[in-house]
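The values are calculated or read from the model by the stated rules, or taken from the named source; none is laboratory data. As the structure is a computational prediction, the values presented were derived from the model and not from experiment. Every residue, glycine among them, receives a Cβ derived from its backbone with ideal geometry; neighbour counts consider all protein chains shown.
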Amino acid sequence: MILKSRYYKAEGIIIKSIKFGEGHKILTAYTKEFGRIEVTAFGSQKPKSKLANKTQLFNYVRFLLYHSHTKENEPFAVKEIEVLNYFDKIKEDYSRYIAASCIVEPVVKLIGREQQDVGIFKLILKSFYVLDVIEERKIIYLLIMYLVKLLSSMGYRFNLDLCAVCNSYLEGEIYADSFRGFPLCGRCKTANSLKLSNGAAKFISWAQNEEVFKSSKVTMELETLSNIKTALQKVYEFIFNKSLDGWKYFDNLETTANR
Ligand SMILES: [Zn+2]
């Protein structure tokens, strides 16, 4: 990214917030204009600061940012901030808050800094809007759909007709593996591969091409849900070679889905 001026407008979602020094915060935001950036919000940690409320985690905001260009890797500084949506329900409701954390975790951990990607920005934003209003028992479906679509947005689209290793036509059984990839045929699977149920394979294929608001219409057996979760976990491990903390919260959300 080449920056020339000192002031920038950007809109984005605050996906991480850490305390810094006396009364300051360093925010990570995923912005439409610059992708994932770090911004310093001076004074925002002080209880009476007007910025305290505006710089909360999961706010959708419009920034006026400043960059002096004098230091290497210097974060942007917040000059002005306007909140476009506080997503109150996400903050008040435990299941929604957990799901929002699961949505932003791969963005914080797996996506490079300052790479603009409007597709990813829109996916995160739409997912937050849906998460703010969706029925509680459907939250888990939004989340698995988002995780499939995040991969698609990053260029990982899966053709469930062909084995990713030997390229042969997939008839019948489909497998996912943390070391060999996805989708795999019966000959390319290993002892650690997961067999996908028909429902799980269909869902992944479907989710790649649908909008996240459709998650409010999804229903499935708990077994299929758990199969999809494990498959996605293997696919993410294969692609990024990193584990996410979010997977361990899935069980809580699955319980909600079953109510
Ligand atoms: Zn194969």
Query - Breaking point among (1) assigned to a loop (DSSP other than H, G, I, E, B); (2) modelled with pLDDT of 95 or more, for PHE128 - result: (1)
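Go through region 204-217 and give me each residue that's touching a helix residue (DSSP H, G or I) at 6+ places or on another chain (Cβ under 6 Å), hydrophobic (A, V, I, L, M, F, W, C) and either over 20 Å from GLU136 (Cβ atoms) or buried (at least 22 other Cβ atoms within 10 Å of the Cβ) (or both). Quick ask: steps written out before the conclusion?
So the first thing to find is which residues in region 204-217 are touching a helix residue (DSSP H, G or I) at 6+ places or on another chain (Cβ under 6 Å), and the list is 204, 207-208, 212-213, 215-216.
Subset that is hydrophobic (A, V, I, L, M, F, W, C): 204, 207, 212-213.
Within region 204-217, ILE204, ALA207, VAL212 qualify.
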Requested in this report: Please give the strands (runs of 3 or more DSSP E) falling wholly within region 1-82 in which 3 or more residues are over 23 Å from the mean Cα position of the chain (by Cα) and modelled with pLDDT under 95.
Outcome: 7-20
Query raised in the report: Looking at region 194-203, which of its residues are within 16 Å of the ligand (Cβ to nearest atom), touching a residue at least 40 places away in the same chain (Cβ under 8 Å) and touching a helix residue (DSSP H, G or I) at 6+ places or on another chain (Cβ under 8 Å)?
Result: LEU194
Report summary line: Only unsatisfied item for TYR249, checking (1) farther than 21 Å from TYR94 by Cα; (2) touching a residue at least 24 places away in the same chain (Cβ under 8 Å); (3) within 16 Å of the chain's Cα centre (by Cα), is (1)
Query raised in the report: Can you name the number of the only condition in (1) at pLDDT below 95; (2) farther than 22 Å from GLU11 by Cβ that GLU114 fails?
Result: (2)
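Per-residue answers, yes or no, for (1) more than 16 Å from the ligand (Cβ to nearest atom); (2) modelled with pLDDT under 95:
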position: LYS149; (1), (2): yes, no
position: LEU162; (1), (2): no, no
position: VAL165; (1), (2): no, no
position: PHE179; (1), (2): no, no
position: ARG187; (1), (2): no, no
position: ALA207; (1), (2): yes, no
position: LEU222; (1), (2): yes, yes
position: ILE228; (1), (2): yes, no
